[in-house]
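**Student:** My questions will all concern the structure given below.
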């Protein structure tokens, strides 16, 4: 993932989504409290340049690893770039803030999101198929 002053929030969202299609990011004007979600009122528009959010932004390119926890990723964005982000996970037709599961890895969150969107065709269990001895 490449982050620079001339990058828009949408560009960062797109880079993140390419690797984790069942997760999304939102940027906020303030950090969220550990274990709590962020307020929609503090959400930053996707067309905003990162330099507008942090005029002293350091340019950096880093590898997003599926083994990185959500908390570690959000902390990296806060510490390296002074950007307040919240990861969301797809859950059926809605997006959930992952604040209660920030200890999960990005890979685990993405997998959970993928599984929640799959239509399962599971036949009911026929209890007469079991041997009763």
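**Student:** Test each condition in (1) crowded, with 17+ Cβ neighbours inside 10 Å; (2) in contact with a helix residue (DSSP H, G or I) (Cβ under 8 Å, 6 or more places away or on another chain) for residue 77 and report the one that comes out false.
**Tutor:** Evaluating residue 77 over (1) crowded, with 17+ Cβ neighbours inside 10 Å; (2) in contact with a helix residue (DSSP H, G or I) (Cβ under 8 Å, 6 or more places away or on another chain) leaves (2) as the failure.
**Student:** Does residue 29 satisfy the criteria of being more than 28 Å from residue 117 (Cα to Cα) and modelled with pLDDT of 95 or more?
**Tutor:** Working: more than 28 Å from residue 117 (Cα to Cα): yes; modelled with pLDDT of 95 or more: no.
Considered against the rule, which asks whether it is more than 28 Å from residue 117 (Cα to Cα) and modelled with pLDDT of 95 or more, residue 29 comes out as no.
**Student:** Given the condition in a strand (DSSP E or B), surrounded by 15 or more Cβ atoms within 10 Å (Cβ to Cβ) and either under 16 Å from the mean Cα position of the chain (by Cα) or modelled with pLDDT of 95 or more (or both), answer yes or no: does some residue in the stretch 112-126 qualify? Full working, then the answer.
**Tutor:** Filtering the stretch 112-126 down to residues in a strand (DSSP E or B) leaves none.
No: zero hits.
**Student:** State yes or no: is residue 76 more than 30 Å from residue 118 (Cα to Cα) and assigned to a helix (DSSP H, G or I)?
**Tutor:** On the way: more than 30 Å from residue 118 (Cα to Cα): yes; assigned to a helix (DSSP H, G or I): yes.
So residue 76 passes the test.
**Student:** Now for a different question. Do you know which residues across the stretch 1-35 are in a helix (DSSP H, G or I), touching a residue at least 40 places away in the same chain (Cβ under 8 Å) and under 18 Å from residue 98 (Cα atoms)?
**Tutor:** 16, 19
**Student:** Given the conditions (1) assigned to a loop (DSSP other than H, G, I, E, B); (2) surrounded by 11 or more Cβ atoms within 10 Å (Cβ to Cβ); (3) modelled with pLDDT of 90 or more, and given that residue 55 satisfies all but one, which numbered condition is not satisfied?
**Tutor:** Residue 55 satisfies all of (1) assigned to a loop (DSSP other than H, G, I, E, B); (2) surrounded by 11 or more Cβ atoms within 10 Å (Cβ to Cβ); (3) modelled with pLDDT of 90 or more except (2).
The values are calculated or read from the model by the stated rules, or taken from the named source; none is laboratory data. Remember, predicted model here, so these are calculated numbers, not experimental data. Every residue, glycine among them, receives a Cβ derived from its backbone with ideal geometry; neighbour counts consider all protein chains shown.
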